[in-house]
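Engineer: Dumping the structure here so I can ask a few things about it.
The values are calculated or read from the model by the stated rules, or taken from the named source; none is laboratory data. Please read these numbers as outputs of a predicted model, since none were measured by experiment. Using ideal geometry, Cβ is built from the backbone for each residue, glycine included, and neighbour counts are taken over all protein chains shown. With ligands, DNA and RNA removed, areas are computed over all heavy atoms of the protein, side chains included. Shrake-Rupley method; radii C 1.70, N 1.55, O 1.52, S 1.80 Å.
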Amino acid sequence: MEVTITINGTPVTSDVEPRTLLVHFVRENAGLRGTHWGCDTSNCGTCVLWVDGSPVKSCTMLAAQADGHEVTTVEGLEQGGVLDPIQQGFIECHGLQCGFCTPGMMMTGRWLLDNNPNPSEVEIRDCISGQICRCTGYKNIVASIQWAAEHPLTSEVTA
Amino acid sequence: MQTPAPVEYARATSVGDAIALLEKHGDEARLLAGGHSLLPMMKLRLARPEILIDLNDLDELRGIRIEGDEIVVGAMVTHAEILDSPVLAEHYSIFREAEKVIADPIVRNKGTIGGSMCQADPSEDLSAVGSALKGSVIIQGSGGKRSLALREFHEGPYETKVGDAEILTEVRFPIRPGAGSAYEKVERRVGDWPVASAGAFVVVAGGVVKDCGIGLTAVGAEHFCAPDAEAFLIGKAPTEENLSAAAKLAADACTPYADQRGPVDYKLHLAHELTLRVLRRAVASSQGA
């Protein structure tokens, strides 16, 4: 079946089997490898991306379900050559070791801050509770999200 | 790599359209709501439908509203929407307390109440909530709609009274002025299925329990409820002694299995203790209201 998904503002059309998972459409058909493919069982959360602005685990959604919808991946965070504060936060606070969980952590972190600009540590930990860092670097991931909360983009930069 | 077996995909344009598709494809069709149980089961070949009928475009199945003396929750309302609903929170704190411990925030964005009920997992938390509150469901087929009490909804694990060409469209909960409610869950790790969970509502008036409902999940409680414990409490003062006796009756009616989440005696202990805790808090909340 033909599926068209607007990914980071660009429509991507592919002929895929209906059973194709969204994570594979994004990585293989759209060629965007920033979204990682991990446990396949909606436990690890490295495949988190946004569908219509809401984070989902893309290993547990069919590409067909996203047909006609807007997807945002980790590649869509940076705007005009400027890293999103959530990305900068992971740099500043050493929020990654091996980097495998990072795209999902950043997509969830950005979504949290969009809905709750000043989350407590408990709220951050709750929000990433469906995502696993096997380097166990949670302390720095939380610090990275806190850094991003403290350094929102100014309007001049986003304009 | 886990991928579902080949399957066809159709998007329903209305509830009527979905029912027509179900009638056309028979029991080889499955309705796709949040997909967070169905797709993993398809990956494991525990489910192998020939066609998925996607309900996600059906706005008629969304929304939480008050209708008369009932709260009506559309079948496609997500866990996240239940967690955030001021209407549900105003009448029953059990919803927030249960939803906070169902899966994780990302999964809660997709999973739906209708999907949870129809999946009928014997460890489903929302099934215990629905049974505790003595809710009902609306089931629609080409012949029309019927209402069914949630305490009569489950045939057994993963089996419900929804027919092959029927759709669960709404879940309804009676509003009970003055009711207090609570939910408690013990899980091995955040977001996991429960080792055991209990929920309850209690209406205390004139110093006695006027009405109550007790729900349990993951411990083999028939229809996720504890009717003997409820009957014991009605008309009695909500003393610690009476609540404890009711909690014991609730646990006595449970038949849990030993599995990787714990042995039978531990689960029975949890059924007793969690029931007692939710009864205490529901009573306090009702008396404070």
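Engineer: Give the Cα extents of segment A:85-152 along the principal axes, in whole Å, largest first.
Structural biologist: Sorted from largest, the Cα extents of segment A:85-152 read 27, 23, 17 Å.
Engineer: Right, here's the next one. Give me the inter-chain shielding for B:39-50: mean count of other chain Cβ atoms within 10 Å, whole number please.
Structural biologist: Per residue, the average neighbour count from other chains is 2.
Engineer: Now, a different point. Enumerate by residue number the trypsin sites (Lys or Arg not before Pro) in segment B:183-289 meeting two conditions: DSSP loop (anything except H, G, I, E, B), and at most 12 other Cβ atoms within 10 Å of the site's Cβ.
Structural biologist: Working: sites: B:Lys185, B:Arg188, B:Arg189, B:Lys210, B:Lys236, B:Lys248, B:Arg261, B:Lys267, B:Arg277, B:Arg280, B:Arg281; in loops: B:Arg188, B:Arg189, B:Lys236, B:Arg261.
Of the trypsin sites (Lys or Arg not before Pro), the ones in loops of segment B:183-289 whose Cβ has at most 12 other Cβ atoms within 10 Å are B:Arg188, B:Arg189.
Engineer: So what is the calculated 222 nm ellipticity per residue for chain A, using -39500 (n - 2.57) for each DSSP H run with n of 4 or more, over all residues, to the nearest 500 deg cm²/dmol?
Structural biologist: On the way: 5 runs with 46 residues, N = 159.
Computed ellipticity for chain A at 222 nm equals -8000 deg cm²/dmol.
Engineer: On a 22 Å Cα-Cα criterion, which of the cross-link pairs B:Lys134/B:Lys236; A:Lys57/B:Lys43; A:Lys57/B:Lys100; B:Lys24/B:Lys145; B:Lys100/B:Lys185 come out too long? Could the numbers behind the result be given before it?
Structural biologist: Working: B:Lys134/B:Lys236 20 Å; A:Lys57/B:Lys43 15 Å; A:Lys57/B:Lys100 18 Å; B:Lys24/B:Lys145 19 Å; B:Lys100/B:Lys185 10 Å.
Exceeds cut-off: none, every pair is within range.
Engineer: Can you send over the solvent-accessible area of B:Phe224, 1.4 Å probe, protein chains only, in Å² to the nearest 10?
Structural biologist: For B:Phe224, the solvent-accessible surface is approximately 20 Å².
Engineer: Grab the other residues whose beta carbon is less than 13 angstrom from that of A:Cys133, score K and R as +1, D and E as -1, and report the net.
Structural biologist: Details: positive: A:Arg125, A:Arg134, A:Lys139; negative: none.
Summing Lys and Arg as +1 and Asp and Glu as -1 gives +3.
Engineer: What does the convex hull of the Cα atoms come to per residue for chain A, in Å³? The partial results should precede the final answer.
Structural biologist: Values: hull volume 16.5 nm³, N = 159.
About 104 Å³ per residue, rounded to a whole number.
Engineer: Moving to a separate point now. List for segment A:55-71: residues with 40 Å² or greater reduction in accessible area, all protein chains versus chain alone, probe 1.4 Å?
Structural biologist: Listed by number, the residues meeting the 40 Å² cut-off are A:Lys57, A:Thr60, A:Leu62, A:Gln65.
Engineer: I would also like to ask the following. What is the sum of charges around A:Leu96, taking Lys and Arg as +1, Asp and Glu as -1, for the other residues whose C-beta is under 14 Å from the C-beta of A:Leu96?
Structural biologist: On the way: positive: A:Arg134, A:Lys139; negative: A:Glu92.
That sum, taken over residues with Cβ under 14 Å, equals +1.
Engineer: On to the next question. Tell me the per residue accessible area of segment A:29-159 using a 1.4 Å probe; a whole number in Å² is fine.
Structural biologist: Details: 5690 Å² over 131 residues.
Per residue, segment A:29-159 has 43 Å² of solvent-accessible surface.
Engineer: Report the charge-dipole magnitude of the protein assembly as shown in Debye, nearest 20, computed about the Cα centre from +1 at each Lys and Arg Cβ and -1 at each Asp and Glu Cβ.
Structural biologist: Values: 38 positive and 59 negative charges, 199 e Å.
For the protein assembly as shown, the charge dipole is close to 960 debye.
Engineer: Quick one: ranking B:Tyr9, B:Tyr158, B:Tyr183, A:Tyr138 by accessible area, 1.4 Å probe, largest first, what do you get? All intermediate terms of the calculation are to be shown ahead of the outcome.
Structural biologist: Numbers: B:Tyr9 35, B:Tyr158 115, B:Tyr183 10, A:Tyr138 55 Å².
Ranking B:Tyr9, B:Tyr158, B:Tyr183, A:Tyr138 by accessible area, largest first, yields B:Tyr158, A:Tyr138, B:Tyr9, B:Tyr183.
Engineer: Given a 1.4 Å probe and no ligands, DNA or RNA in the count, how much accessible surface is buried by B and A, both sides, to the nearest 100 Å²?
Structural biologist: Numbers: alone 12830 and 8000 Å², together 18520 Å².
Separately minus together, B and A give about 2300 Å² buried.
Engineer: Mind checking the full-extension length gain between A:Asn118 and A:His151? Use 0.36 nm per residue of separation minus the Cα-Cα distance, one decimal, nm. Can you show the working numbers first?
Structural biologist: Details: separation 33, 0.36 × 33 = 11.88 nm, distance 1.07 nm.
Extra length available between A:Asn118 and A:His151 comes to 10.8 nm.
Engineer: Among B:134-146, A:141-153, B:29-41, what's the highest-first ranking by average C-beta atoms within 10 angstrom per residue? Don't jump to the answer; show the numbers that get you there.
Structural biologist: Details: B:134-146: 16.8, A:141-153: 20.2, B:29-41: 23.2.
The densest-packed peptide leads the list: B:29-41, A:141-153, B:134-146.
Engineer: Sticking with this one: Would you work out which of B:Tyr9, B:Gly207, B:Pro227 lies farthest towards the positive end of the dipole of the protein assembly as shown, given +1 charges on the beta-carbon of Lys and Arg and -1 on that of Asp and Glu, about the Cα centre?
Structural biologist: Of the options given, the answer is B:Gly207.
Engineer: Rounding to the nearest 10 and keeping the result within 0 to 90°, find how far the Cα-based axis of helix B:15-25 lies from the longest principal axis of chain B.
Structural biologist: Taking the Cα atoms of chain B, the angle to B:15-25 is about 60 degrees.
Engineer: State the Kirkwood hydrodynamic radius of segment A:2-76 in Å, one decimal place, computed from all pairs of distinct Cα atoms. Working shown, then result.
Structural biologist: On the way: mean 1/r = 0.0851 Å⁻¹.
It is 11.7 Å.
Engineer: Threshold 50 Å², probe 1.4 Å: give the residues of segment A:1-18, in number order, that are less accessible with all protein chains present than with their chain alone.
Structural biologist: A:Pro18
Engineer: Charges on Cβ only, +1 for Lys and Arg, -1 for Asp and Glu, centred on the Cα centroid of segment B:61-212; of B:Val186, B:Leu168, B:Leu88, which one is farthest towards the dipole's positive end?
Structural biologist: Result: B:Leu88, furthest along the dipole toward the positive end.
Engineer: Here's a follow-up. May I ask you to give the percent of accessible area on the protein assembly as shown that is carbon plus sulfur, with a probe radius of 1.4 Å?
Structural biologist: Of the solvent-accessible surface of the protein assembly as shown, carbon and sulfur hold 51 percent.
Engineer: Shielding by partners for A:127-134, please: the mean number of other protein chain Cβ atoms within 10 Å of each residue's Cβ. Could the numbers behind the result be given before it?
Structural biologist: Values: counts 3, 3, 7, 9, 4, 0, 0, 0.
The mean count of partner-chain Cβ atoms within 10 Å per residue comes to 3.
Engineer: What is the projected area of the convex hull of the Cα atoms of segment B:179-288, averaged over all directions, in nm²? List each step's numbers first, then the result.
Structural biologist: On the way: hull surface 25.3 nm².
It is 6.3 nm².
Engineer: If you take every residue apart from A:Thr6 with its C-beta less than 14 Å away from the C-beta of A:Thr6, what net charge results, scoring Lys and Arg +1 and Asp and Glu -1?
Structural biologist: Numbers: positive: none; negative: A:Asp52, A:Asp67, A:Glu70, A:Glu75.
Every neighbour counted, the sum reads -4.
Engineer: At q = 0.08 Å⁻¹, what log₁₀ I(q)/I(0) does the protein assembly as shown have when each alpha carbon counts as one equal point scatterer in the Debye sum?
Structural biologist: Result of the Debye calculation: -0.49.
Engineer: In units of 2.2 N^0.38 Å, what is the alpha-carbon radius of gyration of segment B:8-113? It would help to have the intermediate numbers written out before the result.
Structural biologist: On the way: Rg = 15.4 Å, N = 106, 2.2 N^0.38 = 12.9 Å.
Taking the Cα Rg and dividing by 2.2 N^0.38 Å, one obtains 1.19.
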